Structures are given as C-alpha cells and as structure tokens.
1. Under 1.5 on a/c is rounded, so check that first for segment 1-40, then, if it is not, pick prolate when a/b is larger than b/c and oblate when it is not; a ≥ b ≥ c are the square roots of the alpha carbon gyration tensor eigenvalues.
2. Specify whether the C-alpha gyration tensor of segment 94-134 places it in the rounded, prolate or oblate class, a ≥ b ≥ c being the square roots of the eigenvalues: rounded for a/c under 1.5, otherwise prolate if a/b is larger than b/c and oblate if not.
3. Could you give the nm distance between label points at THR180 and LYS2, where each point is 7 Å from its Cα heading toward the beta carbon?
4. Quickly work out the GLU144-to-ASN112 label distance, labels modelled 7 Å from Cα along the C-beta direction, and quote it in nm with one decimal.
5. How tilted is helix 94-113 with respect to the longest principal axis of the chain? Cα atoms for both, answer in degrees (0 to 90, nearest 10).
6. Alpha carbon centre of segment 67-86 versus segment 123-191: separation in Å?
7. Have a look at segment 1-118 and give its Rg and Dmax from the Cα atoms, expressed in angstrom.
8. If you take the square roots of the eigenvalues of the alpha-carbon gyration tensor of segment 65-174 and sort them as a ≥ b ≥ c, do you get rounded (a/c under 1.5), prolate (a/b over b/c) or oblate?
Amino acid sequence: LKVLGYFLKHLAPKRKTEIMLGHGLFSLLVERLMLHANSFTTTTYNVLFEILIEHICTQVVHKQHPDPDSSVKIQNPQMLKVIATLLRTSSSSPETMEVRRMFLSDMIKLFNSSRENRRSLLQCSVWQEWMLSLCCFNPRNSDEQKITEMVYAIFRILLYHAIKYEWGGWRVWVDTLSITHSKVTFEMHKESLAQLFREYDEKRGEELDQGPSNPVRTISGVNRD
C-alpha cells in the first residue's frame with residue numbers, strides 16, 4: 001500500500017486519472033483488501049489515509065495518526081469511498097468501530113479546514129450513498145449514536161458549503177434528499193422484514209410445541225388453503 005502511495009504521489013494528475021480510474025484500480029484495491037481480513041485495522045487505515053492526502057511515511061504506524069492540520073489537502077478523493085466501503089463490509093468489532101470514528105473525525109477536520117477539501121468530495125459521484133452507509137439509523141448504544149451524529153455533522157458542513165459557495169449548489173441538496181429518502185426507506189423496510197421473520201419464528205416454535213393440528217402459517221399470516 002505504501003508503494004502504491006509513493007507511485008500516486010509522483011504521478012501527474014491527468015496520468016493518475018487515466019491509470020487509476022480508467023482501469024478501475026480503486027475498486028480493485030477494495031476487492032483485494034477484502035480478501036485478506038474480515039476486520040479493518042488501525043494500521044490499514046493509517047496507510048489508506050496517507051494515500052488519501054499523499055503524505056507517505058516510511059514507517060508502519062499501528063496507533064492513531066496525528067490530527068491533520070489546515071495545510072493538509074485531499075489528493076485522492078476516491079480513497080474516501082475505498083475506506084468507507086471497507087468499513088461497511090468489515091465484521092463488527094471494537095477496533096472497526098474505533099477506525100470508523102477516526103475516519104469520520106479526520107473528515108470533519110479536513111472539511112472544516114479547507115474549501116478545496118470540501119469541493120473534492122462534492123465532485124465525487126453519489127458520495128451521499130456511501131457516507132450514509134457509515135451511520136446507524138437505529139443506534140443501539142452510545143458509540144453508534146456518536147458515529148451517527150458525526151455523519152450528520154459532515155452533511156451539515158458539506159451542504160452549507162454547497163449552497164453558499166458552489167454554483168448550482170441547490171442540486172446537491174436535491175440529490176442528498178433523494179438518496180437519503182431512498183436509504184432510510186430501505187433500512188425501514190429491512191427492519192420491518194426482520195421483525196416479521198422474528199415473529200414468524202416465535203409462532204412457528206409455539207405451534208411445533210403444541211402439535212401438528214394447527215393450520216400452516218406463512219410469514220404473512222395463516223395459510224387459508
């Protein structure tokens with residue numbers, strides 16, 4: 001990963017686009033990383049963050065990296081989606097939750113300190129979709145609640161920038177409302193189906209205990225046939 005970082009750092013912007021986007025190498029990077037680990041470690045995140053800002057150090061850092069200052073600029077915005085995708089697909093663990101918090105914290109600092117950093121994300125396609133995948137629509141504990149609030153904070157920063165500084169920034173608001181509505185509706189539907197399955201399993205267990213004389217039930221109710 002560090003070799004890739006040095007490679008990108010010394011490429012011209014046009015050549016970087018031709019190589020990385022033209023051949024789908026950012027997507028390939030996600031696929032290869034997903035093959036090697038179920039959890040997303042702090043060490044891996046630190047290297048990906050170095051590629052994001054093209055500040056590559058020779059040492060492998062296993063603890064949280066220093067906070068980015070106002071001079072740090074996003075050089076490879078596609079890495080934001082790479083990191084978010086890895087976080088979404090990684091198995092749930094305390095370390096993965098901590099990496100998610102670090103990632104959101106870094107984004108808040110980067111976007112607060114630089115208009116160029118905000119613009120670099122706003123120019124990405126459907127960034128709202130993977131950003132929303134980082135939050136928890138039904139938080140079960142204080143950690144998930146904190147993560148969700150951090151995602152909302154990033155949305156506030158970016159939407160404020162879009163409407164104040166970008167020509168046609170209102171389109172970002174329209175797209176955000178549409179994608180958010182779709183995402184929330186899907187999550188509500190998924191939760192509703194999960195609840196139906198739980199109720200079905202409970203009723204099926206009760207009927208098995210009582211014997212085979214009861215009518216056959218489907219997930220949606222009693223089978224009348």
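1. Oblate, because a/c is 1.5 or more while a/b does not exceed b/c.
2. Taking the square roots of the gyration eigenvalues as a ≥ b ≥ c, segment 94-134 is oblate.
3. Result: 4.1 nm between the two label points.
4. Taking the simple label geometry, ASN112 and GLU144 are separated by 2.7 nm.
5. The two axes meet at around 50 degrees.
6. Rounded to whole Å, the Cα centres lie 17 Å apart.
7. 13.8, 39
8. On the way: a/c = 1.80, a/b = 1.44, b/c = 1.25.
Prolate, since a/c reaches 1.5 and a/b exceeds b/c.
The values are calculated or read from the model by the stated rules, or taken from the named source; none is laboratory data. Nothing here was measured: the structure is a model prediction, and the numbers come from that model. All Cβ positions, even for glycine, are placed from backbone atoms using ideal geometry, and neighbour counts span all protein chains on display. Each accessible area value is taken on the protein alone, full model and side chains, heavy atoms only, with ligands, DNA and RNA left out. Shrake-Rupley method; radii C 1.70, N 1.55, O 1.52, S 1.80 Å.
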